[in-house]
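Read through the structure below, which is laid out as structure tokens, and then see the notes.
The values are calculated or read from the model by the stated rules, or taken from the named source; none is laboratory data. Worth saying up front: this structure is predicted, and the values here are computed from it rather than measured. Cβ placement follows ideal geometry from the backbone for every residue including glycine, while neighbour counts extend to all protein chains displayed.
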Amino acid sequence: MLAGKTPVLVHNSNCNLAQHEAAGGHAIARLVGKTDAELAARNIRYSSTFTDLAAAERATGGNLAANQGQVSQWLSGNGRRLVINGPMSAADGRVYERATQSILSPSGVTTVLQRNPSMPNGYHIVTSYPSP
């Protein structure tokens, strides 16, 4: 696979979110290990958290693997960002729904990628979160 003229590996199942955080992502800072009170305080329709960093990396890595073809196609084009969705274990996260003020099990994971030629894969993970 090429990102521009640079060969890249599209998927690394050992997703290192700290590396992506250093490149401008915020999955760890905003979406890992949050309490129910912190989720409610965000005051958005749905706010979510992964139970811990291992769960975040597992779900995000799985999402990248499940969408490898879509990621490859995106990297060979010229779009700036890509949003991918995939399954995740409900045990790995929680979703707070503001309208009902209740905690839900996630139905999947959403990951946002941004083209970044300085990264080994040609992109960095902007965010990744459990989705309702």
Of all residues in the stretch 91-122, count the ones that are touching a Leu at 6+ places or on another chain (Cβ under 9 Å) and at pLDDT below 95. 3
Select from the stretch 32-76 the residues that are outside any strand (DSSP E or B), of a type in the set (S, T, N, Q), closer than 28 Å to Arg115 by Cβ and touching a strand residue (DSSP E or B) at 6+ places or on another chain (Cβ under 7 Å) and list them in ascending order. Thr60, Asn63, Asn67, Gln70, Ser76
Qualifying positions in the stretch 50-99 - buried (at least 20 other Cβ atoms within 10 Å of the Cβ), in contact with a Ser or Thr (Cβ under 8 Å, 6 or more places away or on another chain) and β-branched (Val, Ile, Thr): Thr60, Val95
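For every residue, the table says whether it meets (1) within 18 Å of Arg30 (Cβ to Cβ); (2) of a type in the set (A, V, I, L, M, F, W, C).
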| position | (1), (2) |
| --- | --- |
| Ala65 | no, yes |
| Gly69 | no, no |
| Gly79 | no, no |
| Leu82 | no, yes |
| Gly86 | no, no |
| Pro120 | no, no |
| Tyr123 | no, no |
| Ser131 | yes, no |
Looking at Ala40, Ala3, Ala22 in this structure, which one is over 14 Å from Thr60 (Cβ atoms) and at pLDDT 90 or above? Ala40
Considering only residues that are hydrophobic (A, V, I, L, M, F, W, C) and more than 15 Å from Gly62 (Cα to Cα), which ones fall in the stretch 106-121? Met119
Search result, residues across the stretch 25-43 that are β-branched (Val, Ile, Thr) and under 23 Å from His124 (Cβ atoms): Ile28, Val32
Counting residues that are more than 19 Å from Asn43 (Cβ to Cβ) and without any contact (Cβ under 8 Å) to a residue 40 or more places away in the chain, which strands (runs of 3 or more DSSP E) fully inside the stretch 77-131 reach at least 1? 81-86, 108-115
